[in-house]
1. Report yes if GLY284 is of a type in the set (Gly, Ala, Ser), crowded, with 17+ Cβ neighbours inside 10 Å, at pLDDT 95 or above and within 22 Å of the chain's Cα centre (by Cα), otherwise no.
2. Of all residues being assigned to a helix (DSSP H, G or I) and touching a strand residue (DSSP E or B) at 6+ places or on another chain (Cβ under 7 Å) in region 66-94, which is surrounded by the most Cβ atoms within 10 Å (Cβ to Cβ)? Just the residue, please.
3. For region 130-159, what are the residues that are part of a helix (DSSP H, G or I) and surrounded by fewer than 24 Cβ atoms within 10 Å (Cβ to Cβ)?
4. Please determine whether any residue of region 291-304 is buried (at least 18 other Cβ atoms within 10 Å of the Cβ), polar (S, T, N, Q) and not in a loop (DSSP other than H, G, I, E, B).
5. Restricting to region 5-61, count the residues that are part of a loop (DSSP other than H, G, I, E, B), at pLDDT 60 or above and more than 19 Å from the chain's Cα centre (by Cα).
6. Give the residue that is nearest to ARG32 (Cα to Cα), with candidates limited to residues of region 84-127 that are under 24 Å from the mean Cα position of the chain (by Cα) and among the β-branched types (Val, Ile, Thr).
7. Write out, first by first residue and then by second, each pair whose Cβ atoms fall under 8 Å of each other, whose residues are 6+ apart or on separate chains, and whose first residue, in region 314-327, is assigned to a loop (DSSP other than H, G, I, E, B) while the second is surrounded by 20 or more Cβ atoms within 10 Å (Cβ to Cβ).
8. Just to verify a result, which residue in region 162-212, among those that are free of Cβ contacts under 8 Å to residues at least 40 places away in the same chain and part of a helix (DSSP H, G or I), is nearest to MET228 (Cα to Cα)?
Amino acid sequence: MSKKHLPLFVVVMLVVALAVPVAQAQDGEPFRVAVVMPSTVNDLAFSQSMYDALAAIQEERGEENFEFVYSENMFIVDDAATALRDYASEGYDLVIAHGSQYGASLAELAPDFPDTAFAWGTDINTYTDEGITNIFAYEARSEEGGFVQGVMGAMLSESGVIGIVGPIEAGDAKLYVDGYKAGVLYTNPDAEVIVNYIQSFSDLALAAAAAEAMLESDADVLTGTAQMVPGAIGQAQEVGALWFGTQSSQTSLAPEIVVANQVYDWTVVLEPIFENMANGVMGGEAYALTLENGGLVIDFNPDLELPEEVMAAAEEAIDAIVSGELVLVVDETGAGITVEEGEPMAEATEEAE
C-alpha cells in the first residue's frame, strides 16, 4: 500500500477520536480520579467492584495517562463529605461518591466546584432539577442478575428453603434481594424464601446470626449483598450450604460452596462519563449496569460442576432478560418485583428435556 498524506481535517478528527478514550486532561497531565467508598477496597463487595474497575482502566491506559486515589471506610457521611470536598479542592478531574448515602453531600458541594465533575451511585438523580450541571449518576440493575441466580438457587435447593441476608432495604441491595426472590418463586412457586434485612451494611456478626437462623430453618441455599456478607458465608461454609454472591466475586472466600456471582463492571459507566467529559459535558447523565451492556456479569465458579439443566436455565434466563422476552417490573411502592412475558424457566427446561 502506498503512503499518502491525509488531509488536515482528517488528521484533526483522528487526534480527537484517539484523545477521547484516553480521558487525559487538556494540559497533558494524567486524568485524575478520586473516589470515596463506604468500606474497604478488598471487601469482596460494593467498594471492591469500583476499585477493580478503576484499576483495570489504569492498567489499560497506563499510569502516565490515568491516576486514581481513594478513601475507604467512609461509612460516616460527614467524614465522606469532608473527603469529597478535599479532593475537589485539590483539582481532581472527576470525584466519585461511591455510595447512595452521599447524594445530599454531593449536591451541596458540587456548585462550589463548577470545573470539577462529580459522580455518585447507586442512584439516577443528577440534580439537574436543582440547577446543578456537574453531577453524573449511576446504578446497577442488580435485580437482573439476582433473578438469574434465583433461578439457579431454586433448582439446586433440596429443601425448598432459601435464605437472603440483606443490609438496608434500599438501592441496588433491595433490587438484588427482590430480583433473587422473584427468580426463586418464578422457578419454584412453592419455595420458601426467608429475607432478613439486618439494617447494616458492615456488621459481620449480625449477618452471621441472620444466616445461622436461616440454616436452622432448613435453608440449604443462601445469598446476600453488601460488605457484611463474609459473616453469612462463614455460616454457610460450616454446614455446606450453597452461596450466591453479588457485586464482586466471592468465590475465593469459599470456593467449595459459592455457585456463582453477579459481578459489577463499573467500567461500563465510567467510560461514557470520561467520554462526556472529553467533550465538555460535566454532568447531567445517568447510567446503568445491565446484563445487556455487560455491566452485570454472571461469574460461574469453575470448581463446581453444576447440573446441565441448571446451567441451561441460567443461560436461558440471561437471554430472556437481554432480549426483552422476560421483563422484571419493579414495584414503585417497594413491594417487590413482578415478572411479565415469557415462560417459567423450569417449565421451559422440562420441555427441552
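The values are calculated or read from the model by the stated rules, or taken from the named source; none is laboratory data. Since the structure is predicted, the reported quantities are computational estimates derived from the model, not experimental observations. Cβ atoms come from the backbone with ideal geometry, glycine included; neighbour counts cover every protein chain shown.
1. Working: of a type in the set (Gly, Ala, Ser): yes; crowded, with 17+ Cβ neighbours inside 10 Å: no; at pLDDT 95 or above: yes; within 22 Å of the chain's Cα centre (by Cα): yes.
Answer is no for this residue.
2. Taking the candidates together, the pick is LEU84.
3. To start, the set of residues in region 130-159 that are part of a helix (DSSP H, G or I) comprises 130, 142-156.
Residues satisfying the conditions are GLU130, MET155, LEU156.
4. No, every residue in region 291-304 fails to be buried (at least 18 other Cβ atoms within 10 Å of the Cβ), polar (S, T, N, Q) and not in a loop (DSSP other than H, G, I, E, B).
5. The first filter runs over region 5-61 and keeps only residues part of a loop (DSSP other than H, G, I, E, B), leaving 5-7, 23-30, 37-45.
Of the ones still in play, those that are also at pLDDT 60 or above are 27-30, 37-45.
Pick out the ones that are also more than 19 Å from the chain's Cα centre (by Cα) and you get 27-30.
Within region 5-61, residues that are part of a loop (DSSP other than H, G, I, E, B), at pLDDT 60 or above and more than 19 Å from the chain's Cα centre (by Cα) number 4.
6. Out of the qualifying residues, it is VAL95.
7. Correct list of pairs: LEU326/ALA317; LEU326/ALA320.
8. Filtering region 162-212 for residues that are free of Cβ contacts under 8 Å to residues at least 40 places away in the same chain and part of a helix (DSSP H, G or I), the one nearest to MET228 (Cα to Cα) comes out as LEU204.
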